[in-house]
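Bear in mind that the values in this text are calculations on the coordinates, not laboratory data. Every value quoted in this text rests on a predicted model; they were computed, and no experiment measured them. Every residue, glycine among them, receives a Cβ derived from its backbone with ideal geometry; neighbour counts consider all protein chains shown.
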Amino acid sequence: MLLGCLPGLVAVLVLTLCARGAERPAADRLARPVPAREAAAHRAPRPRIVPRTVWLGAAGRVQPPPRYDDKVVAVFLHHTDSPSAYDCADAPEIIRRLYAGQTGARQWDDIGYNFLVDRCGTIYEGRAGGTDRPVTGAHTQGFNHRTAGIAALGTFTEGAIVPRAMTDAIAALVAWKLGLADIDPRAGVRLVSSNSLSRYKAGTTAILPALSGHDAGFMTSCPGAALTARLPEIREQAARLQGRTKARLTAIP
C-alpha cells in the first residue's frame with residue numbers, strides 16, 4: 001500500500017507520515033539509559049547535527065523520559081512524502097509541523113524519527129534522548145528496538161531526483177551511528193519483530209540489511225523507489241567512511 005508521510009505545509013496538518021508503519025512506543029518499555037559502546041574498531045567521524053531546539057522552538061511539550069536500547073545495530077530510511085522543492089531554510093518549520101502532527105492528533109510522546117535530513121544535506125536531531133545514545137524510536141512498526149530511523153525530507157518515488165548532498169549526509173550519519181557498535185553498513189543483522197503488523201510475526205527473527213528502507217520491515221512503498229535505488233551506494237559510502245574494505249557477508253547477532 002502507498003502510505004503518505006507529510007502532505008505539505010498547510011495551516012492544519014493532517015499527518016499520515018508513513019504512519020501505519022510507525023509504532024507508538026509503550027510506556028512499559030522504559031529502560032535505564034545505556035551508554036554507547038566506548039570502543040569500536042570502525043568508528044566514523046560524527047557529522048554535524050543540528051539540535052532539536054532549533055526546530056522545536058516553543059512547540060515543545062512535557063513528555064515521558066526517553067527509552068533506550070543497549071545499542072543501535074541497524075538504520076531504517078524513510079521519506080516524508082512531502083514536496084521536495086522546499087527552501088532548506090524552511091526545513092525546521094517542516095519538522096515542527098511533523099512533530100505537531102505526531103504529538104497532537106496521533107498523541108505520541110515525541111517525533112518518531114531519530115534524525116531528519118533535508119535536501120541540502122543538513123542533519124537534524126529528531127527524537128529526544130541524545131544523538132549518540134541508542135534511543136528507541138517510533139519509526140518502523142515491529143523494528144524500533146536496536147535501530148535508528150532517518151527521514152529524508154521530500155518525496156522520492158520513481159523518477160524523483162535524490163540530491164547528492166542528501167545522500168552524502170545520510171551516508172555520513174549511518175557510518176557514524178552504526179560505527180558506535182562496530183556494525184558494517186553493508187552487513188545483514190538479526191532483528192526480532194515486536195509487532196505482527198510488521199512484515200514479520202511478533203517474535204520472528206528477521207535478517208535485514210544494516211541499512212534498510214522502511215519497506216524492509218513494513219508493508220509500504222516508503223522510502224520511495226528513487227531513494228531505495230540509492231541504498232547500495234549509500235551503504236558502500238558509509239562503509240568507506242568507517243574505513244572498511246571487504247564486506248562482512250554473515251549476519252550479525
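Points worth noting:
- Cα gyration tensor, region 46-243 - rounded (a/c under 1.5), prolate or oblate: rounded
- Taking the Cα centre of region 40-95 as origin and assigning +1 to Lys and Arg Cβ atoms and -1 to Asp and Glu Cβ atoms, the resulting dipole is close to 400 debye.
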